[in-house]
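Reviewing the structure listed below.
Each value in this text was obtained by applying a stated rule to the coordinates, not by laboratory testing. It should be emphasised that the depicted structure is a prediction, and the values quoted were computed from it without experimental measurement. Every residue, glycine among them, receives a Cβ derived from its backbone with ideal geometry; neighbour counts consider all protein chains shown.
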Amino acid sequence: MCASERFRASGKFRVNANHKLIDVWLLVLCTACGDTAKLTVLERTNVRTVRPELLDRLQDNDAGLTAELLQDPVVQRRNRIALDWDNAWRLETGGSEHLDREVIDVSVRFAARIPVRPVRLIAEGCALSRAEVERLIVEGNLVSSVRLSGKLSGDFTFTLKR
């Protein structure tokens, strides 16, 4: 294995049963050399405690299950991984003509639970600098029912007053 710390999911699972115990790994591929590594999903788990539909999805190499497990905080902690969300989102504003309005109400909807910094998202989507967005928040000209500092991965709305 090379020293790279970046992997992509292969979409395949390895399931190993030993009597009543089952181990499951999600296979990932190194982005640098292509070698396969394993992320632990289940470890020495009694097979009777695993839902039959989950076993079916594992054996079918279900792509949706791959996405679910990679976003699962338990799987991330167990394997000491963090997902790389670079270039995984964009804010579509429908053009710049609405940015001239006095008040803009914006709804942000997530198709997947991708953690983003709202300040960064608003800055890019509204063609502002991050410092300008921070200033608008402090002045009360950018308001939301959620805290805009830190990261969010769920739907939210904000109002921008100019």
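Observations
- Separation between Cα centres of the range 13-64 and the range 101-162, rounded to whole Å: 39
- Net charge, Phe156 excluded, C-beta distance under 14 Å - Lys, Arg +1, Asp, Glu -1: +4
- The string of couplings for the range 17-22 from the Karplus curve (6.51, -1.76, 1.60, θ = phi - 60°) is 10, 10, 6, 9, 9, 10 Hz, one whole number per residue in order, with x for Gly and Pro.
- Correct choice for Cα extents along the principal axes in Å that was computed from the model, options [x] 52, 36, 29; [y] 42, 38, 30; [z] 67, 36, 26: [z]
- Listed residues Arg101, Arg78, Arg113, most fluctuating in the chain (Gaussian network, C-alpha, under 10 Å): Arg101
- Computed from backbone phi with θ = phi - 60° and the Karplus coefficients 6.51, -1.76 and 1.60, the 3J(HN,Hα) list for the range 77-84 is 5, 4, 9, 6, 10, 9, 7, 9 Hz; x is used for glycine and proline.
- Divide the volume of the convex hull around the Cα atoms of the range 1-56 by the residue count and you get 81 Å³ per residue.
- Chain lengthening between Asn61 and Asn18 when straightened (0.36 nm per residue, less Cα-Cα): 13.5 nm
- Only helical runs count toward this figure. For the chain, summing -39,500 (n - 2.57) over DSSP H runs of n ≥ 4 and dividing by all residues gives -7000 deg cm²/dmol at 222 nm.
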